[in-house]
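First up is the structure itself, then whatever we jot down about it.
The values are calculated or read from the model by the stated rules, or taken from the named source; none is laboratory data. Because the structure is predicted, anything quoted here is derived from the model rather than measured. Positions of Cβ are backbone-derived with ideal geometry, glycine not excepted, and every protein chain shown enters the neighbour counts.
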Amino acid sequence: MLKNLDPLLNPDVLHALAAMGHGDEVVICDANFPADAVARHSVLGRLLRLDGVDSPRAVRAVLSVLPLDRFVDHPALRMEVVGDAQTLPAVQREAQREVDDAEGRAVPFASLERFAFYERARHAYCVIATGEARGYGCFVFKKGVLLAADVPHA
């Protein structure tokens, strides 16, 4: 056991998040997403899993250690609802609260059309599948930087 780490962050996920560099992207997706097929095209080349949790809970765990990029307009993206790009399903509203809480500020999701989301995910550093049963629990996060002033004991 390690202290001060979310218990959902298993060794494989922690390793991938730590190995990512500034500007690399991580996908957190629901159980309906073609995660294994997409993950084979990612930088990591294999799927990571956080089974048994919903997407907002996985977002909370990942963002507890992953800083979002402050140098881009949209470091957080969501998959659009097919045929209704403006709709925010409950899973996305819940994830939005997790993002804002983790960042201590509002960081609104930008949206990506379904097939554009799939293509973006194929170029991500890694893909993390959750047990999320609700549709549209799919997100992309761009990793930022931690400066010495942001790191305790640096």
Which one of these is of a type in the set (K, R), under 24 Å from H22 (Cα atoms) and at pLDDT 95 or above: R134, R57?
R57
Does the range 122-142 contain at least one residue that is part of a helix (DSSP H, G or I) and closer than 20 Å to D24 by Cα?
yes
Out of L77, L68, sole residue that is within 17 Å of D6 (Cβ to Cβ) and surrounded by 14 or more Cβ atoms within 10 Å (Cβ to Cβ):
L68
Looking for something among the β-branched types (V, I, T) and buried (at least 17 other Cβ atoms within 10 Å of the Cβ) - is there at least one such residue anywhere in the range 111-128?
yes
For a quick check of your reading of the model, give me the residue pairs whose first member lies in the range 69-92 and is free of Cβ contacts under 8 Å to residues at least 60 places away in the same chain, whose second is outside any loop (DSSP other than H, G, I, E, B) and surrounded by 22 or more Cβ atoms within 10 Å (Cβ to Cβ), with beta-carbon atoms closer than 7 Å and at least 6 apart or on different chains.
Q92/R78
Count of residues meeting criterion [over 24 Å from L9 (Cβ atoms) and either in contact (Cβ under 8 Å) with a residue 24 or more places away in the chain or within 14 Å of the chain's Cα centre (by Cα) (or both)] in the range 102-116:
6
Qualifying positions in the range 93-107 - in a helix (DSSP H, G or I) and surrounded by 12 or more Cβ atoms within 10 Å (Cβ to Cβ)
E94, A95, Q96, R97, E98, V99, D100, D101, A102, E103
Would a scan of the range 86-101 turn up a residue that is modelled with pLDDT under 95 and at positive phi?
no
Filtering the range 1-59 down to residues that are of a type in the set (G, A, S) and surrounded by 14 or more Cβ atoms within 10 Å (Cβ to Cβ) yields A16, G23, A31, A35, A39, S42, S55, A58
